[in-house]
Amino acid sequence: MSTNEVTPRFGNYAALEPSGSVSRPRQDVGSALCGSRWRFRPPVLAVIDLAPAGLPRELFTEALRRISPVLSDSERIEIGADGRLVLVLQGGREGAIRARLEDMTLRALEAVADRGVVATPVVGWVRARRRAGEADLERLLTRAGAAADASAQHLDLVPRRWRSLGSSRPRLRAPDRLRTAAELMLSAVVGLGIPFAILAECQSHGIEIITPVYLAAVLALVITASTIWVEGLHALRPPAPPERPAAPYPAASAIIPAYLPNEADTILDTVRSVLAQRYPGPLQVVLAYNTPRDMPVEADLRRVAEEDPRFIPLRVEHSTSKAQNVNAALDLVRGEFTAVFDADHQPAPDAFRRAWHWIAEGMDVVQGHCVIRNGEASWVARTVAVEFETIYAVSHPGRNLLHGFGLFCGSNGFWRTDLLRQVRMRSEMLTEDIDCSIRTLLRGRRLVNDPGLLSRELAPATAGALWNQRLRWAQGWSQVSRRHLGRGLRSDRISLRNKMGLLFLLGWREVYPWLSLQMLPVIAYLVWRHGLNGVEMAVPIFIGTTICALSVGPGQVLLSYLRSAPELRRRRSWFWGYMVLSALFYSEFKNVIARVAHIREITGRRRWVVTPRAVPGVE
């Protein structure tokens, strides 16, 4: 069937011919682009391709059919001789254009999925001039095609706009340590110096605001402490996994994204651990890895693949992120549901069986309990081991029961495969897994947390590694909050209960590190304003807020001990040590990291620092 038989809006295959790496439409798209109808809003030219290359033309015809209904009368779509879809669309705000193209991408994804083909739509686009001429067409097609090629390296369903690279002159940058010191100083000025200056300035004008500021600081501490307590008490009665479903266990897949130079010592153990699953159905394991150089462990991985056909090692060329590795592996997975494990994880033998019970019951994503297995490596690793219990055994399941959704689903997370293919992970996000799970929630899908679904991983063993890891996490949370909080509160797909959870998780947790600091400028102001009397006034404030804040730590540690993994429950001294460290400095250490992360996000300093793996028994 020719495209003209679909609708008169489309051009004819014969009217398109190759010109370099893209096809050049002689009519319809070209005439639409150059028409006078774009007088007030410059048009957009977009190219939609399917990866991998070489797919049948019928898939593009089906994608064209799915996209056609959302085009206006003045917009055009055609299939070029090189197989790509070429579109001319109305212009507008960049956000609106991206939203339309994302919708078209999903329509194309559904088109190929309905044909039983696993492929990824990739989209590139470029703005034209208000009065584009015939001479502009070649240039615009080349640029949109280049943007589509860039999208093909990420496979995240994000339409990419062509942008000029601009000047190639290197930018002068201060050393990392110097920049970090400057960020720490700036966060102190913003969190302490400016509030004190505001209090002093208001007082000089006869405006006394110390009482409302004090009450706001106290209220912030009370709200946070109360929420943590409520979440913790909810976690004491986690939901049990559903009974074994009547239907047989379906095919399942696992994706292990890895950066081999960092994870060469752990990857074989991880692969063997996942292959050793006691799962009654067919199991497939895909290791999607990137490496800047050939490594000896790759030969070992190939031998494992020869011995066990369930294992597929996939080297992802041009990848620089976990997200790109996961997205590339999605073209190979065949399971009805798919687990994602970081390269240092060792899931419990019943993990896939237990996760399927949830998914068969109607859940879309299941997040398990990540347990630290190298706590003996250092005091840092022991601290993280207990902290993970407060997160995965208390906070996550408590939040699930309180707010109705689970997070974070990026490691020891189990997904319906078709859903993960629709959502993908985005490499521009520093916490791509949090972003992915929040976008899933905003689709109205069901995410559950199961603290009994165990997988054991490695913790950072040094303070420097922990700083870098947590700084990336905190900045990633800030990115997610900025991008999704407003959308979530406006969404009609999630409940009021979900929205309250998002408001606390993406809103309150972002401002709290700054609010928790405000007692210090309040006390300093009282001492400066009233001298010794100010000290007398400040002491009860300081004691009261300290008691309020410190009451949370011991309670949370006790709850985490009661709900912790069996091997950690035997380590009582670790929990006592964490309680002391948390009270002395660790809680504020995490608040400092959050404030520095905000400074970095505002200044655009986004750098992924790989977390070294402290492997037990490996020097």
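Working note: Karplus 6.51/-1.76/1.60 with θ = phi - 60° gives the stretch 459-473 the couplings 9, x, 9, 10, 5, x, 5, 5, 4, 5, 4, 6, 5, 5, 4 Hz, where Gly and Pro are set to x. In this structure, residue 391 and residue 607 have a Cβ-Cβ separation that, at R0 = 25 Å, corresponds to a calculated FRET efficiency of about 0.55.
Relative to the longest principal axis of the Cα atoms of the chain, the long axis of helix 94-114 lies at roughly 70 degrees. Could you tell me which of rounded, prolate or oblate describes the stretch 365-496, using a ≥ b ≥ c as the square roots of the eigenvalues of the alpha-carbon gyration tensor, with rounded for a/c under 1.5 and, failing that, prolate when a/b is larger than b/c and oblate otherwise? Judged from the Cα gyration tensor, the stretch 365-496 comes out prolate (a/c at least 1.5, a/b above b/c). For the stretch 309-334, backbone nitrogen atoms closer than 19 Å to the point 7 Å from residue 149 Cα along Cα-to-C-beta are found at 317-320.
Rolling a 1.4 Å sphere over the protein heavy atoms, what is the accessible area per residue of the chain, to the nearest Å²? Please list the in-between numbers first.
Numbers: 27570 Å² over 619 residues.
Dividing the accessible area of the chain by its residue count gives 45 Å².
Per residue, the chain reaches -15500 deg cm²/dmol at 222 nm when only DSSP H runs of four or more residues are counted, each adding -39500 (n - 2.57). Placing dummy labels 7 Å off each Cα toward the beta-carbon, the span from residue 462 to residue 117 is 5.0 nm.
State the Cα centre-to-centre distance between the stretch 218-276 and the stretch 349-381 in whole Å. Cα centroid to Cα centroid, the span is 3 Å. Separation of the stretch 100-124 and the stretch 384-413, taken as the distance between their Cα centroids, equals 33 angstrom. In this view, the solvent-accessible surface of residue 205, computed with a 1.4 Å probe and all protein chains in place, comes to about 130 Å². Each of 300, 450, 265 has its accessible area taken with a 1.4 Å probe; listed largest first, they run 265, 300, 450.
The values are calculated or read from the model by the stated rules, or taken from the named source; none is laboratory data. Keep in mind that what you see is a predicted model, and the values were worked out from it rather than measured. Note: ideal-geometry Cβ built from the backbone for every residue, glycine included; neighbour counts use all protein chains shown. Protein only, heavy atoms only, side chains kept; ligands, DNA and RNA dropped before computing areas. Shrake-Rupley method; radii C 1.70, N 1.55, O 1.52, S 1.80 Å.
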